Every structure is written in structure tokens, then in C-alpha cells.
Amino acid sequence: MLRWTNWLSRHPFTVKITGSSPVRSTHKFNIMLEQLLEYFEEEEFLKADGFDEAVIGVEEPSMRLIYSVTKCLEILVTNEEMSLEEAIEYFDFNVRGAYVGDKTPIWCEDGFM
């Protein structure tokens with residue numbers, strides 16, 4: 001198990017998770033993430049803690065999780081009680097700006113607020 005923590009972040013990236021026995025965070029897993037883990041049970045993924053509900057897919061050649069930026073911002077605004085401006089600044093600096101290796105998640109710009 002690997003753990004990488006962005007020291008500025010309250011939402012660290014954690015663990016390579018594999019198939020049917022993922023290490024689950026305390027946050028609610030979303031159905032998309034559960035389905036991906038089941039379908040790609042032999043693969044390893046790097047996920048961002050606190051953003052499980054924002055997973056929208058996987059990029060198959062690299063096996064990197066794809067997250068909805070809009071959903072990530074909604075999670076920060078709702079769960080962390082940030083303003084939209086605070087959430088954007090926090091996300092850009094602490095989440096999107098973090099490179100954690102070949103399995104760094106992909107951040108999909110799927111909406112404009």
C-alpha cells in the first residue's frame with residue numbers, strides 16, 4: 001500500500017487500490033468507482049481522498065482515474081463549507097496541481113460555473 005500526502009491538502013491522495021479488496025476511505029464510495037474496481041480487478045489505481053463521488057471514469061491505456069472538476073468543487077463547497085472562490089483556489093493549488101507519479105488522476109473540466 002502506498003500513501004502520498006500533499007502537505008498543503010486536507011484531502012490527501014491515498015493508496016493504490018486493487019480490484020475487489022480496495023482500501024476504502026471514510027468517505028462514501030460512489031457507484032462508478034465501485035464498478036471500475038470490480039471491472040478492472042487486476043489493476044491498481046491512485047485515488048484522491050474525499051472525492052470518490054467525483055469519479056466519472058478511467059483512462060484505459062494508463063489506468064488513471066478521471067474525476068469531474070465540477071463535482072470536486074461541489075464536494076469542497078458542500079462538505080468543507082468553502083465558498084466557490086475558496087474551493088477553486090484550494091482545488092487548483094492543492095489537488096489539481098499535485099503530481100504523484102504515473103497514476104496521477106486526470107481532472108476533467110466538465111462544466112463552467
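Please treat every number below as a calculation from the coordinates, not as lab data. Bear in mind that the values here come from a model prediction, so they are computed numbers and not experimental data. Heads up, the Cβs are rebuilt from the backbone with ideal geometry, glycines too, and the neighbour counts pull from every protein chain shown.
What is the number of the single condition among (1) of a type in the set (A, V, I, L, M, F, W, C); (2) out of contact with any helix residue (DSSP H, G or I) (no Cβ under 7 Å at 6 or more places or on another chain); (3) within 17 Å of LEU46 (Cβ to Cβ) that CYS72 does not meet?
Checking CYS72 against (1) of a type in the set (A, V, I, L, M, F, W, C); (2) out of contact with any helix residue (DSSP H, G or I) (no Cβ under 7 Å at 6 or more places or on another chain); (3) within 17 Å of LEU46 (Cβ to Cβ), the one that fails is (2).
Tally the residues that are free of Cβ contacts under 8 Å to residues at least 40 places away in the same chain and β-branched (Val, Ile, Thr), restricting the search to segment 71-109.
4
Those residues that are small (Gly, Ala, Ser) and surrounded by fewer than 17 Cβ atoms within 10 Å (Cβ to Cβ), I need them from segment 70-89; list them, please.
Matches in segment 70-89: SER83 only.
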